[in-house]
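Each remark here refers to the structure printed beneath this line.
The values are calculated or read from the model by the stated rules, or taken from the named source; none is laboratory data. Just so we're clear, the structure is a prediction, and the values are computed from it rather than from any experiment. Glycine gets a Cβ as well: all are built from the backbone with ideal geometry, and neighbour counts include every protein chain shown. Protein only, heavy atoms only, side chains kept; ligands, DNA and RNA dropped before computing areas. Shrake-Rupley method; radii C 1.70, N 1.55, O 1.52, S 1.80 Å.
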Amino acid sequence: MSHDHDDRPQLTAAQAADVLNPPAGRNGGDLVVESLQGLGATTVFGLPGQHALGMFDALRRSSLSYVGLRVENNAGFAADAYGRITGEVAPLLLSTGPGALTSLAALQEAAAASAPVLAISSQIPTAGLGGGRHGYLHELRDQQASVRDIVKSVHTVRSASQIPSAVAAAWESALTAPHGPVWVEIPQDVLLAETTLPVVSAMDATPRELYPRPELTIAAAHLLSNAERPVIIAGGGVVRSDASGKLLALAEKIDAPVVTTFGGKGAFPWEHPLSLRSWLEDRHTTDFLEDADVLLVVGSGLGELSSNYHTFRPRGRVIQIEADAGKLESNHPALGIHSDAREALSDLLEAVERREDAGAAERVRSVLEKVRVRIDAQGLTLEQQVLAAVREALPDAAPSFWDMTILAYWAWSAFDARRPNTMHSAQGAGGLGYGFPAAIGAAAADPTKPVLAVSGDGGAMYSIAELATARQYDLPLTWLIVDDGGYGILREYMTGAFGEATATELSRPDFVALAESFGVPAVRTTPESLAGDLSKALAAPGPSVVVLPALLRMFEPTHL
């Protein structure tokens, strides 16, 4: 049997000589970093620990840039943002036991948001594996069991020769649609043992493409071409697959209004005549979507937030394009198309017939006006003023990262992201502390643009240690902290549900003085001076903090 090797990377004469005479002093950790370099990685995130020192020692013999955060969970959030912004794999180097476990909430967010994070964790020495209680430092009975429910795939290494293949397989898994976090674990003794294996050269871990089946494309195109009131819901899959251009062309070809989910912010132009924007938590929008005779859902599973808390009941035919097979028809019966959003939209665009609907833009205007009247009746001018100030100060191309805080909940519905892949939040898993460490990851990915992080005072306390990281690497990011003295959204939820709030009030530091103690310039602002102070901070080099003492309120929900 013959094999065609022509399409494989060929070694130069110098590389071939290196293969036969590998440099001395290398260990299993070198095989890890060489594998990452061979796959195209340039930046890694993490935090060292005793069992992982072989990997961290090898970093100094590599060309990889290392960004070290102060808490493993924050390192995971930084890697998540790097993966979202670049679409590339973000390696995350972790130690055993507590180090590994501390990253899990961040990996849950990466899984929910389909961010390609490659976590490489150390393990106790090989002799301790197998469930026996040997009493090694950081020992868990089964470390993989703690991560298996969260990540896409788990890859186990038990000898040095397995390292390159395990890293490559994990890399491919992370980048196969839907993107997501993956896990590799390597025992301490394997990382530390000297190796005479050749230096790892270029590796191929190209993910397989996920194309739609042609008969499903034809069926979907027929439904859309003959629809009377087609509407499109665009989710995060549109942003991740870089399909906003295809989405715009399709919407215009069939005159279909488009609403973006909170994960799909920026997937469709906010001011376009067919743009329903992102008012998914509004009954007027829900009614409009239910009235569609054909609803095209692209890159969304129509989960809790995207379905107005599961009150949405479509009456027409639903077409669902989704790369995650587990989300296909999980909430509503549909013509389910298991495909990458870009590939499916591209095929649909060719297959649909042009349909014109002169009244579509007017119907969109009518819905948006009803939403505006409803919100304006609630007297929430401060909240709208603050959000407008952030939009005014933030350059169009600058990415923003929003923690789980009242201003972010407003932004999901009411903020014009202006460009795809610029606005990100932790609404996938909904954990606190995402905003600032994620902004660190984005700034590491592209230090030429300012980055904005938005947190409440409660969420900010999860990430204070990372002010040291931002200062150490001199990253161009600004942290807006809205300080209301507690967990503001929980205060509202509890007061609404029980008449009063418990455990929501917080003693908090002087955030300006605290930031300055890290060597990070900070300013206390007001709603009136916010736009100017934020603009100035974003324009300055290096990290900065802007503190806004304000008690913001949420707009009334319509799902209760």
| Before we move on, is Ala251 closer than 30 Å to Pro125 by Cα and either open to solvent by less than 20 Å² (accessible area, probe 1.4 Å) or modelled with pLDDT of 95 or more (or both)? | no
| When Leu387 is evaluated against the numbered criteria (1) farther than 30 Å from Gly456 by Cβ; (2) out of contact with any Lys or Arg (no Cβ under 8 Å at 6 or more places or on another chain); (3) hydrophobic (A, V, I, L, M, F, W, C), which criterion, by number, is the only one it fails? | (1)
| Can you tell me which residues in segment 136-156 are in contact (Cβ under 8 Å) with a residue 60 or more places away in the chain and touching a strand residue (DSSP E or B) at 6+ places or on another chain (Cβ under 9 Å)? | His138
| task | Could you tell me which numbered condition Leu552 fails, if it satisfies all but one of (1) in contact (Cβ under 8 Å) with a residue 40 or more places away in the chain; (2) surrounded by fewer than 16 Cβ atoms within 10 Å (Cβ to Cβ); (3) not acidic (Asp, Glu)? | result | (2)
| query | Looking at segment 119-135, which of its residues are in contact (Cβ under 8 Å) with a residue 60 or more places away in the chain, more than 15 Å from Ala145 (Cβ to Cβ) and in a loop (DSSP other than H, G, I, E, B)? | reply | Pro125
| query | Only one residue in Leu31, Leu53, Leu36 is under 28 Å from Leu175 (Cα atoms), open to solvent by 50 Å² or more (accessible area, probe 1.4 Å) and either part of a helix (DSSP H, G or I) or polar (S, T, N, Q) (or both), so which one is that? | reply | Leu53
| said: Against the condition farther than 17 Å from Tyr82 by Cα, out of contact with any Pro (no Cβ under 6 Å at 6 or more places or on another chain) and either surrounded by fewer than 19 Cβ atoms within 10 Å (Cβ to Cβ) or not small (Gly, Ala, Ser) (or both), how does Ile464 come out, does it pass? | reply: yes
| task | May I ask you to list the residues in segment 83-105 that are open to solvent by less than 10 Å² (accessible area, probe 1.4 Å) and within 10 Å of the chain's Cα centre (by Cα)? | result | Gly83
| Cβ pairs under 9 Å, 6+ apart, first in segment 506-530 and farther than 25 Å from Thr381 by Cβ, second assigned to a loop (DSSP other than H, G, I, E, B) and open to solvent by 80 Å² or more (accessible area, probe 1.4 Å) | Leu506/Met461; Arg508/Met461; Pro509/Met461
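The rows are residues; the columns are (1) closer than 30 Å to Leu551 by Cα; (2) open to solvent by less than 40 Å² (accessible area, probe 1.4 Å).
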position: Pro333; (1), (2): no, no
position: Arg355; (1), (2): no, yes
position: Ala361; (1), (2): no, yes
position: Ile375; (1), (2): yes, yes
position: Leu382; (1), (2): yes, no
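In segment 311-325, which residues are in a loop (DSSP other than H, G, I, E, B), in contact (Cβ under 8 Å) with a residue 24 or more places away in the chain and not aliphatic (A, V, I, L, M)?
If the condition is that a residue be in a loop (DSSP other than H, G, I, E, B), in contact (Cβ under 8 Å) with a residue 24 or more places away in the chain and not aliphatic (A, V, I, L, M), then Thr311, Phe312, Pro314, Arg315, Gly316, Asp324 are the ones that fit.
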| query | Any idea which residue in segment 65-82 is least open to solvent (accessible area, probe 1.4 Å), counting only those that are outside any helix (DSSP H, G or I) and of a type outside the set (A, V, I, L, M, F, W, C)? | reply | Gly68
| remark: Among the residues of segment 512-531, the number that are open to solvent by 40 Å² or more (accessible area, probe 1.4 Å), in contact with a strand residue (DSSP E or B) (Cβ under 7 Å, 6 or more places away or on another chain) and not in a loop (DSSP other than H, G, I, E, B) is 3
| message | When you check Ile85 against the structure, is it in a strand (DSSP E or B), in contact with a helix residue (DSSP H, G or I) (Cβ under 7 Å, 6 or more places away or on another chain), touching a residue at least 60 places away in the same chain (Cβ under 8 Å) and not polar (S, T, N, Q), yes or no? | response | no
| query | Hey, any hits in segment 478-485 for a residue that's at pLDDT 95 or above, among the hydrophobic types (A, V, I, L, M, F, W, C) and either open to solvent by 40 Å² or more (accessible area, probe 1.4 Å) or on the phi > 0 side of the Ramachandran plot (or both)? | reply | no
| said: Being of a type in the set (Asp, Glu), more than 19 Å from the chain's Cα centre (by Cα), open to solvent by 10 Å² or more (accessible area, probe 1.4 Å) and modelled with pLDDT under 95 narrows it down to one residue among Glu215, Glu209, Glu228; which is it? | reply: Glu209
| task | Could you list all residues from segment 280-302 that are open to solvent by 30 Å² or more (accessible area, probe 1.4 Å) and in contact (Cβ under 8 Å) with a residue 12 or more places away in the chain? | result | Arg283, His284, Phe288, Asp291, Asp293
| remark: In segment 140-152, residues that are part of a loop (DSSP other than H, G, I, E, B) and buried (at least 18 other Cβ atoms within 10 Å of the Cβ) total 3
| For segment 354-401, what are the residues that are within 21 Å of Arg491 (Cα to Cα) and assigned to a helix (DSSP H, G or I)? | Ile375, Thr381, Leu382, Glu383, Gln384, Val386, Leu387
| Out of all the residues in segment 402-421, is one or more within 19 Å of Ala106 (Cβ to Cβ), assigned to a helix (DSSP H, G or I) and open to solvent by less than 10 Å² (accessible area, probe 1.4 Å)? | yes
| When the residues of segment 435-458 are filtered to those that are farther than 16 Å from Val545 by Cα and part of a loop (DSSP other than H, G, I, E, B), which remaining residue is least open to solvent (accessible area, probe 1.4 Å)? | Asp446
| request: Name the residue, out of Gly237, Gly264, that is touching a Ser or Thr at 6+ places or on another chain (Cβ under 9 Å), surrounded by 23 or more Cβ atoms within 10 Å (Cβ to Cβ), in a helix (DSSP H, G or I) and at pLDDT 95 or above. | output: Gly237
| task | For Leu345, indicate whether it is open to solvent by 10 Å² or more (accessible area, probe 1.4 Å) and among the aliphatic types (A, V, I, L, M). | result | no
